[in-house]
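The block underneath contains the structure these notes are about, expressed in structure tokens.
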Amino acid sequence: MRFQELRACCNNFRGKRCGKTGLCIALMLWLAAILLAWWWWNDSHAPDKAAGKTAESLAPAKTAESSLGILPLPQSLPVNTRLAALGQRLFHEARLSGNGQFSCATCHDLKTSGANNERTKPGINHAATSRNTPTVFNAAFNFRQFWDGRARTLEEQAGVPITDPREMGAKWDNVLDTLREDTEYSREFAALFANGVSKTAVTQALAEFERTLITPNAPFDRFLRGEMQAIPVEAKKGWVLFQQRGCIACHQGINIGGNLFQVMGVMGNFFIDRKRDDVTDLGRYNVTGLEADKYVFKVPSLRNVILTAPYFHDGSVDTLVDAVRLMGRFQLGVELSDEEVRQLVAFLSSLTGDIKADKPAHAIAMTRAQ
Amino acid sequence: MSPDTTPHPSRRPGTPAWKGVLVMLSTLLLSFSIYLFWHHNQAETRVQAVREQLRELFTLEAALVGETLRIRYGHSNNYDLINAYSSSEESRLRIVQKHLLAAPEQAVGAAAAELMQGLRAKESHIDLFKRARTIMRSSQHALSAALAEVLQSPDISPPLREASHQLQQAFLYQHGIANLQFLDEIPFLVELLREAALHGKDAALRDHLTAAARHADLLAGIAPHLNALTEKLTEPESIIRLRALAQRVENAESQRQTRLAAQQLTLGLGLLSLLIVLGWLGRAYMQDKRMASMVFETPSVGIMITDSHARILRINAAFTRVSGYSEADALGKTPAILHSGKHPAEFYKAMWDSLIQTGGWQGELINRRKNGELYPQWLSILAVRNEAGATTHYAGVFSDLSEIRAAQERIEHMAYHDALTGLPNRTLMRDRVEQAIAEAKRDHNKVALMFIDLDNFKGINDTLGHAVGDILLCEAADRIKSCLRASDTLARYGGDEFVLMPRSANSIDAVQGTAEKLLTCMHAPFNIQGQMLNITCSIGIALFPDDAQDYEGLMQQADTALYRSKEEGRDTYHFYEEVMNSAARERLLLHNNLSQALSEGEISLHYQPRVDLASGRILGAEALMRWNSKELGSVSPVRFIPVAEASGFIVPLGAWALREACRQGRIWHDAGHTGFSMAVNISAVQFARADVVREVQAALQVSGLPPNCLELELTESVLVKDVEKTLALVHALKALGVRIAIDDFGTGYSSLSYLKRFKVDILKIDQSFVHDLATDPDDAAIIQAIQQLAANLGMSTIAEGVETPEQQAFLLQAGCRDAQGYLFSKPVTAEAFTQLLLANGTG
């Protein structure tokens, strides 16, 4: 554009009789262009909004504070609502699976616990998966995803079950084609992503939605914020025990767990009596190949734990009472008394937060789009 | 210039062709310079972004080292922050890599990849570190608990007891600074425990022994592992890689700038654009400078770079902050300026050997600040070598451990010193005086004790506030000190009272001289926050062996003499004389009335509830004496108990209180409050009489109160007096089944070994700590320390004087379970207490 304008100007000059004036005007234009360039240069050095946002999200969360053992959850995390709404639709989208019958929500029931109550839930080929479904609630606060921590981020995690033959068993090409053919989807993707529908876009949307799946205001969080009567006496005793017995050594931080790996069976061989010979029992070893990582798993979050039976990576324990007792035996090397277990379970029951009603994804996406 | 201004499009221009060419050329140059601007702009944005990320990376790296140490030493209780630092480092480096991709500079890319590899390796070390620290933490809990159970068992052999103590110490110590001196002995100790577990008769004891052995074994394995990981994570490896990357980025950037400048020059842009370029070059140069210093100024970790002869080349701001040496002081010197003289020459030799042989050294050492202060630090040194393998530089990175240490020392200091003035407290004073008396006995010398009290201090406190009062106390203490010799001992006895023991008292004249000097030096006004305050003092003096034979006696006589000085209009001093004063008269009055008070029923017991902090449920009561005299009105226990103690009347009085409390306790017990515990204070004087055991036994028998419902509260001072006799008494009392509590814990003598030997059941945290919880972080730290101490020794705690919900919340967080205070209830009569119990719905 500038070139044409300039040329037009020059033609104009040639048409004029006064060359000196032309030269003056050319010089002035030249100066003006340089000024323009200056402005452009300086403007692009003004703080970039997008870059600013990235930097902010990279900074360690302001809520992170390490002198306390447990911190309450925030009310919400900052999300792009339109992207999250798209993620919500995808989360419930059965066409993301190989046979069109499984969605993320099939195993991660958002109305109850963000997981399901089966030991291991069978996927598309009716073949049981080998691990218990972890809850999707508060997954945003876990430092790694999956029991063995093989995904570093929610985005990385979101793509894996879609193509896992034991889970949703789809092919990316087919999934992306289906989404592209759907006009509503392709419109939303186009509005949010320069490249439209892509694998990255799908996983980003799913992850953004998962960032809204947090459960704040658990009675214990309210207690931590100073509401002394938010939890019953039995739970307060349980909280004292939780600290004294050393449970808090692993289950700490904002998610009460979910921020380190630990050996399953610090004080004894947990696997010796299990009649199960499964390579997934090796846990983190499957990711790193290090001998020291055998039987090592991500310490799960205890938030909403009363809802997420059965317990442990293999879903082998049906009740929280048994889970607490086994944890005491294998992780802490103590035999907890019945009363202690009761108090600890009372404490764990106070960790259930607000589970927001899961509105139909479709409705949200449509209102956003309009 | 043509007069014809009408345009003539058809006419050929008469202007020379070169002008047209110039216009064309300008246009071309202009478009080219615009292109160059655009191109440069892109590169510039990229470099800016990279620099910003690198700066952040340096900060994060330092923060990570700090957080690692905080976690290691138990100052940090969750892993969210270290995870956040670690993942933030990685995402930032990934952004750097993304920007570098756009400008493929091989060396830079390689440096970034190397750093990324380093971060990944570090991340797995962090995972292992967290695992090890976690196991260490929970196992320590379990070991302490198991050992406490073992030590409580009456029939364990002395070697086993000794082994348990040693294990306890070994791992309590592990909480703090790394020290593995016990490590070699642990397998032996564990074996001893296992052996005992095999042959033990009591099944429960066997379980505890087995558990203790398992945990000790685990801890012994994990402790060195954890220390190695801590060392690994605090190595400056990443910082060095990061610097290499930053250096390469800057090199590439300056190369690029050179290229750019060359292009622009050869294109012959006009003067203006040249000026702009120059201006911009200047700007970039400044940024360069700034970047280089940013690299170095990581906020909390001290860094020094030396040349191969250990002469300091560069230091950062944190170095100056920690050591006190500025660049001007330190550059060109060797780190020997920091030597504290606390380490033998072999220590430094070993350090250099390690540096020369392995290229690195790290460890803990004590250095000296510029102001002469000593401080412990964790230091990592790395020898930087060139391609030929010759050392060119040494890089030292250190963090100051003094804060961590100071917290430990504060508690120790507190036991012997007054927090406000820093003077010795009464515990230390007693030690010194008793020592002086012992020496004086041997050498037939005299000891003088001066009791100094500020006149009208209460008035100042009430009118001008405690803050001014506190400053005045400190200034007065300084003033008194200034007119003493260094060898005189001055202590703050409490409130506005000081005690002075001159070094020598053989000449009465000299003692008199000191007293007069003190009075005179107080006459100059004090300037407190701009106000001129006049305050005088009164002094009472007692002499050994003339007036009394021991510390208590001397203090009492000096106190009597002080009253005399007060009576005579203050600002004066008196020596003790046999027949003296109205203070004694008042005491006599109290004493006479007191002996009737009991028989007339003027003395009653009030009860303050002790509650479960979490639920507010009443768990027990502390019985407290009240005297409502017909003649004297209501007399405070603070007044009448010392009189009763001095006259010995405390013995029948205490016995009565014990019986009455037990009787009342039984009534409540029978009413269904079965877990109820009744706490009764036992005075030091009462304790000194040998029949205290029989009294307790009798009170229990007569009332029928189960022994485990009775709690005897002793002060710390009781424990330190005549330890062997007290030990026997406490054991006899415990054999009855009653529990022993230490009252006002934290204000007196807090010896770990005494607490352990006496097998105290309960520590009552003094209310002074609870009172300032919200405002004084020291108090919060002290409460947590007491709490940990109690947990480790298997004792429970009761917080006294809880007045606000904030205090309640903090205490709960700190793991404290029981408390008493006005928040729950003041001391009330037995009838009112019964109502409280009913309302509380216990039983």
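The values are calculated or read from the model by the stated rules, or taken from the named source; none is laboratory data. Everything numeric here is computed off the predicted structure, so don't read it as measured data. Every residue, glycine as well, gets a Cβ built from its backbone with ideal geometry; the counts of neighbours run over all protein chains shown.
Numbers at a glance
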| read-out | value |
| --- | --- |
| Test: residue in region B:52-67 that is among the β-branched types (Val, Ile, Thr), assigned to a helix (DSSP H, G or I) and closer than 26 Å to B:ALA781 by Cα | yes |
| Residue satisfying all of: in region A:130-164; among the aromatic types (Phe, Trp, Tyr) and more than 14 Å from chain B (Cβ to nearest Cβ); farthest from the chain's Cα centre (by Cα) among these | A:TRP147 |
| Matching entry among B:GLU114, B:GLU105, B:GLU89 (being surrounded by fewer than 19 Cβ atoms within 10 Å (Cβ to Cβ) and modelled with pLDDT of 85 or more) | B:GLU114 |
| Selection count where residues are away from every other protein chain (no Cβ under 14 Å) and of a type in the set (Asp, Glu), scope region A:316-336 | 2 |
| Region A:118-139, residues that are of a type outside the set (Ser, Thr, Tyr) and at pLDDT 90 or above | A:ASN132, A:PRO134, A:VAL136, A:PHE137, A:ASN138, A:ALA139 |
| Region A:217-258 - residue that is under 14 Å from B:ASN78 (Cβ atoms) and part of a helix (DSSP H, G or I) and, of those, farthest from the other protein chains (Cβ to nearest Cβ) | A:PHE242 |
| Qualifying positions in region B:68-78 - out of contact with any strand residue (DSSP E or B) (no Cβ under 7 Å at 6 or more places or on another chain), more than 7 Å from chain A (Cβ to nearest Cβ) and assigned to a helix (DSSP H, G or I) | B:THR68, B:ILE71, B:ARG72 |
| Total residues in region B:494-535, condition crowded, with 16+ Cβ neighbours inside 10 Å and assigned to a loop (DSSP other than H, G, I, E, B) | 6 |
| In region B:112-161, the residues that are closer than 30 Å to B:ALA228 by Cβ and among the acidic types (Asp, Glu) | B:GLU114, B:GLU123, B:ASP127 |
| Breaking point among (1) in contact with a strand residue (DSSP E or B) (Cβ under 7 Å, 6 or more places away or on another chain); (2) over 24 Å from B:PRO424 (Cβ atoms), for B:ASN534 | (1) |
| Top-ranked residue of region A:241-285 - restricted to ones that are among the small types (Gly, Ala, Ser) and farther than 15 Å from B:ALA132 by Cα, ranked as modelled with the lowest pLDDT | A:GLY268 |
| Some residue of region B:296-308 being part of a loop (DSSP other than H, G, I, E, B), more than 34 Å from the chain's Cα centre (by Cα), surrounded by 13 or more Cβ atoms within 10 Å (Cβ to Cβ) and at pLDDT below 85 | yes |
| Selection from region B:624-669 of residues that are farther than 21 Å from B:GLN596 by Cα and either within 39 Å of the chain's Cα centre (by Cα) or not β-branched (Val, Ile, Thr) (or both) | B:CYS662, B:ARG663, B:GLN664, B:GLY665, B:ARG666, B:TRP668, B:HIS669 |
| So B:LEU81, is it at the interface with another protein chain (Cβ under 7 Å from one of its Cβ atoms), in a helix (DSSP H, G or I) and either in contact (Cβ under 8 Å) with a residue 60 or more places away in the chain or within 26 Å of the chain's Cα centre (by Cα) (or both) | yes |
| Residue in region B:452-470 that is within 18 Å of B:ASN425 (Cα to Cα) and within 27 Å of the chain's Cα centre (by Cα) present | yes |
| Residue list for region A:233-255, filter: free of Cβ contacts under 8 Å to residues at least 24 places away in the same chain and on the phi > 0 side of the Ramachandran plot | none |
| Region B:791-816, subset out of contact with any helix residue (DSSP H, G or I) (no Cβ under 9 Å at 6 or more places or on another chain) and either assigned to a loop (DSSP other than H, G, I, E, B) or more than 11 Å from every other protein chain (Cβ to nearest Cβ) (or both), residue nearest to B:LEU624 (Cα to Cα) | B:ILE798 |
| Output for region B:636-652, where each listed residue is farther than 17 Å from B:GLU552 by Cβ and either in contact with a strand residue (DSSP E or B) (Cβ under 7 Å, 6 or more places away or on another chain) or part of a loop (DSSP other than H, G, I, E, B) (or both) | B:SER636, B:PRO637, B:PHE640 |
| Single condition A:PHE312 does not satisfy, out of (1) more than 14 Å from chain B (Cβ to nearest Cβ); (2) farther than 19 Å from B:ARG131 by Cβ | (2) |
| Candidate set from region B:544-575 (those that are touching a residue at least 12 places away in the same chain (Cβ under 8 Å) and of a type in the set (Asp, Glu)); member that is farthest from B:PHE457 (Cα to Cα) | B:ASP546 |
| Residues that are more than 17 Å from B:ASP400 (Cβ to Cβ) and either modelled with pLDDT under 85 or surrounded by 15 or more Cβ atoms within 10 Å (Cβ to Cβ) (or both), drawn from region B:344-374 | B:MET351, B:SER354, B:LEU355, B:ILE356, B:GLN357, B:THR358, B:GLY359, B:GLY360, B:TRP361 |
| Subset of region A:337-352 that is surrounded by fewer than 21 Cβ atoms within 10 Å (Cβ to Cβ) and within 13 Å of chain B (Cβ to nearest Cβ) - its residue that is farthest from A:VAL240 (Cα to Cα) | A:SER337 |
| Region B:317-335: number of residues that are part of a helix (DSSP H, G or I), within 18 Å of B:LEU365 (Cβ to Cβ) and basic (Lys, Arg) | 0 |
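Per-residue answers, yes or no, for (1) in contact with a helix residue (DSSP H, G or I) (Cβ under 8 Å, 6 or more places away or on another chain); (2) charged (D, E, K, R); (3) away from every other protein chain (no Cβ under 14 Å); (4) not in a helix (DSSP H, G or I):
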| position | (1), (2), (3), (4) |
| --- | --- |
| B:LEU119 | yes, no, no, no |
| B:HIS125 | yes, no, no, no |
| B:ARG133 | yes, yes, no, no |
| B:SER138 | yes, no, no, no |
| B:GLU149 | yes, yes, no, no |
| B:PRO159 | yes, no, yes, no |
